[in-house]
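Pasting in a structure now, in C-alpha coordinates, and then I'll have a few things to ask.
The values are calculated or read from the model by the stated rules, or taken from the named source; none is laboratory data. Bear in mind the structure is a predicted one, so any value in this text is a computation, not a measurement. Cβ sites come from the backbone with ideal geometry, for glycine too, and all protein chains shown count toward neighbours.
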(Lines give C-alpha, C1' and ligand atoms only; values in the text may rest on other atoms or scores of the structure.)
Protein backbone atom coordinates (compact mmCIF):
# COMPACT_ATOMS: atom_id res chain seq x y z
CA UNK A 1 0.00 0.00 0.00
CA UNK A 2 1.25 3.48 -0.87
CA UNK A 3 0.75 6.63 1.10
CA UNK A 4 -0.71 8.73 -1.68
CA UNK A 5 -0.17 12.39 -0.99
CA UNK A 6 -2.90 14.48 -2.59
CA UNK A 7 -0.44 16.12 -4.94
CA UNK A 8 -0.82 16.59 -8.67
CA UNK A 9 2.01 17.09 -11.14
CA UNK A 10 2.10 20.81 -11.82
CA UNK A 11 4.41 23.15 -13.66
CA UNK A 12 7.84 23.03 -12.06
CA UNK A 13 7.28 19.71 -10.28
CA UNK A 14 9.46 16.75 -11.09
CA UNK A 15 7.94 13.39 -11.98
CA UNK A 16 11.07 11.72 -10.65
CA UNK A 17 10.73 13.52 -7.32
CA UNK A 18 7.11 12.44 -6.92
CA UNK A 19 7.97 8.86 -7.87
CA UNK A 20 10.75 8.87 -5.28
CA UNK A 21 8.34 10.12 -2.64
CA UNK A 22 5.78 7.41 -3.36
CA UNK A 23 8.47 4.76 -3.21
CA UNK A 24 9.94 6.06 0.04
CA UNK A 25 6.54 6.02 1.78
CA UNK A 26 5.53 2.51 0.74
CA UNK A 27 4.08 0.40 3.55
CA UNK A 28 5.22 -3.13 4.20
CA UNK A 29 3.32 -6.20 5.39
CA UNK A 30 5.14 -5.92 8.71
CA UNK A 31 7.42 -3.38 10.36
CA UNK A 32 10.59 -3.14 8.30
CA UNK A 33 13.36 -1.94 10.59
CA UNK A 34 15.87 -1.48 7.79
CA UNK A 35 13.48 0.80 5.90
CA UNK A 36 12.82 2.88 9.02
CA UNK A 37 16.57 3.24 9.66
CA UNK A 38 17.27 4.08 6.02
CA UNK A 39 14.68 6.87 6.10
CA UNK A 40 15.98 8.21 9.42
CA UNK A 41 19.58 8.31 8.22
CA UNK A 42 18.53 9.98 4.98
CA UNK A 43 16.59 12.76 6.71
CA UNK A 44 18.31 13.16 10.08
CA UNK A 45 20.23 16.21 8.88
CA UNK A 46 17.93 17.28 6.03
CA UNK A 47 14.16 17.20 6.75
CA UNK A 48 11.90 15.68 4.09
CA UNK A 49 10.12 18.89 3.15
CA UNK A 50 7.72 19.82 1.58
CA UNK A 51 6.34 16.28 1.73
CA UNK A 52 6.08 16.54 5.51
CA UNK A 53 5.76 19.53 7.85
CA UNK A 54 8.75 20.74 9.85
CA UNK A 55 8.18 22.08 13.38
CA UNK A 56 10.25 24.19 15.71
CA UNK A 57 10.19 21.14 18.02
CA UNK A 58 10.46 18.49 15.32
CA UNK A 59 11.71 15.39 17.16
CA UNK A 60 8.53 13.30 17.28
CA UNK A 61 7.37 14.33 13.81
CA UNK A 62 10.71 13.05 12.46
CA UNK A 63 10.54 9.76 14.39
CA UNK A 64 6.93 9.21 13.28
CA UNK A 65 7.96 9.68 9.65
CA UNK A 66 10.71 7.09 9.99
CA UNK A 67 8.47 4.55 11.74
CA UNK A 68 5.73 5.11 9.16
CA UNK A 69 8.19 4.60 6.32
CA UNK A 70 9.13 1.36 8.04
CA UNK A 71 5.57 0.15 7.45
CA UNK A 72 3.76 1.03 10.69
CA UNK A 73 0.26 2.03 9.47
CA UNK A 74 -1.37 5.31 10.39
CA UNK A 75 -4.10 4.84 13.00
CA UNK A 76 -7.23 6.99 13.24
CA UNK A 77 -9.97 7.19 15.82
CA UNK A 78 -7.94 6.16 18.86
CA UNK A 79 -6.92 8.34 21.80
CA UNK A 80 -4.24 9.28 21.10
CA UNK A 81 -4.31 8.55 17.37
CA UNK A 82 -1.31 8.56 15.03
CA UNK A 83 -1.59 10.09 11.60
CA UNK A 84 -0.41 12.89 9.29
CA UNK A 85 -1.74 14.23 6.00
CA UNK A 86 -0.04 16.51 3.49
CA UNK A 87 -1.68 18.06 0.43
CA UNK A 88 -0.59 20.39 -2.35
CA UNK A 89 -2.94 22.94 -3.93
CA UNK A 90 -2.03 23.20 -7.61
CA UNK A 91 -3.91 26.49 -7.96
CA UNK A 92 -2.23 28.35 -5.11
CA UNK A 93 1.07 26.45 -5.05
CA UNK A 94 0.71 26.04 -1.28
CA UNK A 95 1.20 22.90 0.79
CA UNK A 96 -1.08 22.26 3.76
CA UNK A 97 -0.68 19.79 6.61
CA UNK A 98 -2.71 18.20 9.35
CA UNK A 99 -1.63 15.75 12.04
CA UNK A 100 -2.60 14.17 15.33
CA UNK A 101 -0.96 14.87 18.68
CA UNK A 102 0.28 11.29 18.67
CA UNK A 103 2.22 12.00 15.49
CA UNK A 104 3.98 15.11 16.73
CA UNK A 105 4.08 15.15 20.56
CA UNK A 106 6.53 12.83 22.33
CA UNK A 107 4.38 11.98 25.35
CA UNK A 108 1.30 11.32 23.23
CA UNK A 109 3.27 9.16 20.78
CA UNK A 110 4.67 7.10 23.62
CA UNK A 111 1.18 6.63 25.05
CA UNK A 112 -0.13 5.64 21.62
CA UNK A 113 2.52 2.92 21.31
CA UNK A 114 1.60 1.62 24.76
CA UNK A 115 -2.17 1.65 24.06
CA UNK A 116 -2.22 0.38 20.48
CA UNK A 117 -1.92 -3.37 19.78
CA UNK A 118 0.54 -4.63 18.69
CA UNK A 119 2.17 -1.18 18.78
CA UNK A 120 5.21 -1.07 21.03
CA UNK A 121 6.48 -2.69 24.19
CA UNK A 122 7.96 -0.52 26.92
CA UNK A 123 11.34 -2.00 27.83
CA UNK A 124 11.78 0.26 30.85
CA UNK A 125 13.75 3.40 31.59
CA UNK A 126 17.46 3.84 32.24
CA UNK A 127 18.15 6.10 35.21
CA UNK A 128 20.94 8.69 35.35
CA UNK A 129 24.37 7.26 36.03
CA UNK A 130 26.94 4.94 34.52
CA UNK A 131 24.41 2.96 32.44
CA UNK A 132 23.68 6.01 30.28
CA UNK A 133 27.35 6.41 29.43
CA UNK A 134 27.63 2.82 28.21
CA UNK A 135 27.92 2.25 24.47
CA UNK A 136 24.84 0.02 24.51
CA UNK A 137 21.66 -0.04 26.64
CA UNK A 138 21.17 -2.80 29.23
CA UNK A 139 20.77 -6.15 27.46
CA UNK A 140 17.28 -6.79 28.89
CA UNK A 141 15.98 -3.91 26.76
CA UNK A 142 16.55 -5.86 23.54
CA UNK A 143 17.42 -2.57 21.83
CA UNK A 144 17.06 -2.94 18.06
CA UNK A 145 17.32 -0.62 15.05
CA UNK A 146 13.93 0.94 14.42
CA UNK A 147 13.01 1.08 18.12
CA UNK A 148 12.11 4.44 19.65
CA UNK A 149 13.73 6.15 22.62
CA UNK A 150 11.92 8.71 24.75
CA UNK A 151 13.60 11.20 27.08
CA UNK A 152 12.30 12.74 30.30
CA UNK A 153 14.88 15.44 30.88
CA UNK A 154 14.00 16.46 34.45
CA UNK A 155 11.49 14.06 36.05
CA UNK A 156 11.05 16.28 39.12
CA UNK A 157 9.37 18.92 36.93
CA UNK A 158 6.55 16.52 36.12
CA UNK A 159 6.58 17.20 32.37
CA UNK A 160 6.96 13.56 31.39
CA UNK A 161 8.67 12.46 28.19
CA UNK A 162 9.20 15.45 25.94
CA UNK A 163 11.76 14.22 23.41
CA UNK A 164 12.01 11.24 21.05
CA UNK A 165 14.67 9.68 18.83
CA UNK A 166 14.92 6.54 16.72
CA UNK A 167 17.46 3.75 17.05
CA UNK A 168 19.58 3.34 13.93
CA UNK A 169 21.94 0.61 15.08
CA UNK A 170 25.65 0.21 15.67
CA UNK A 171 27.57 3.15 14.25
CA UNK A 172 30.51 5.44 15.01
CA UNK A 173 29.78 8.30 17.39
CA UNK A 174 32.52 10.96 17.30
CA UNK A 175 32.56 11.21 21.12
CA UNK A 176 32.16 7.56 22.08
CA UNK A 177 33.39 5.52 19.13
CA UNK A 178 31.38 2.48 18.08
CA UNK A 179 28.05 2.38 19.92
CA UNK A 180 24.32 1.87 19.66
CA UNK A 181 23.12 5.12 18.13
CA UNK A 182 20.02 7.16 17.43
CA UNK A 183 18.99 9.83 14.95
CA UNK A 184 17.07 12.88 16.16
CA UNK A 185 15.66 16.27 15.23
CA UNK A 186 15.80 19.44 17.32
CA UNK A 187 18.69 19.38 17.31
CA UNK A 188 19.25 17.51 14.06
CA UNK A 189 21.81 14.77 14.67
CA UNK A 190 22.74 11.53 12.96
CA UNK A 191 24.12 8.39 14.62
CA UNK A 192 24.84 9.68 18.12
CA UNK A 193 24.97 7.74 21.40
CA UNK A 194 21.60 6.17 22.24
CA UNK A 195 21.24 7.96 25.60
CA UNK A 196 22.23 11.39 24.19
CA UNK A 197 24.70 11.71 27.06
CA UNK A 198 26.91 14.74 26.34
CA UNK A 199 24.31 15.95 23.85
CA UNK A 200 21.27 16.74 26.01
CA UNK A 201 22.75 18.79 28.91
CA UNK A 202 20.57 16.74 31.30
CA UNK A 203 22.92 13.85 32.06
CA UNK A 204 22.45 14.24 35.81
CA UNK A 205 18.66 13.92 35.78
CA UNK A 206 17.29 12.41 32.57
CA UNK A 207 15.39 9.14 32.20
CA UNK A 208 15.77 7.30 28.89
CA UNK A 209 12.87 5.01 28.01
CA UNK A 210 13.16 2.38 25.27
CA UNK A 211 10.03 1.43 23.31
CA UNK A 212 10.44 -1.76 21.29
CA UNK A 213 8.32 -1.55 18.12
CA UNK A 214 6.58 -4.83 17.43
CA UNK A 215 7.50 -6.44 14.10
CA UNK A 216 3.84 -7.47 13.80
CA UNK A 217 2.74 -3.94 12.88
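When you scan the stretch 32-39, do you find a residue that is in a loop (DSSP other than H, G, I, E, B), modelled with pLDDT of 95 or more and crowded, with 17+ Cβ neighbours inside 10 Å, even just one?
Pass one, the stretch 32-39, residues in a loop (DSSP other than H, G, I, E, B): 32.
Next, from what is left, pick out any that are modelled with pLDDT of 95 or more: 32.
With the extra rule that they be crowded, with 17+ Cβ neighbours inside 10 Å, the set shrinks to 32.
The answer is yes; a qualifying residue exists.
Scan the stretch 116-154 residue by residue and report those that are surrounded by 16 or more Cβ atoms within 10 Å (Cβ to Cβ), over 24 Å from residue 44 (Cβ atoms) and free of Cβ contacts under 8 Å to residues at least 60 places away in the same chain.
116
Of all residues in the stretch 69-96, which are crowded, with 19+ Cβ neighbours inside 10 Å and within 20 Å of residue 214 (Cβ to Cβ)?
Across the stretch 69-96, the qualifying residues are 69, 70, 71, 72, 80, 82.
Given the stretch 103-217, what strands (runs of 3 or more DSSP E) lie entirely inside it while holding 2 or more residues that are more than 27 Å from residue 48 (Cβ to Cβ)?
Details: elements: 120-126, 148-152, 163-173, 177-184, 189-193, 207-213.
In the stretch 103-217, 120-126, 177-184 are the strands (runs of 3 or more DSSP E) which contain 2 or more residues that are more than 27 Å from residue 48 (Cβ to Cβ).
State yes or no: is residue 87 part of a helix (DSSP H, G or I) and in contact with a strand residue (DSSP E or B) (Cβ under 8 Å, 6 or more places away or on another chain)? Can you show your working first?
Details: part of a helix (DSSP H, G or I): no; in contact with a strand residue (DSSP E or B) (Cβ under 8 Å, 6 or more places away or on another chain): yes.
Judged against the criteria, residue 87 is not a match.
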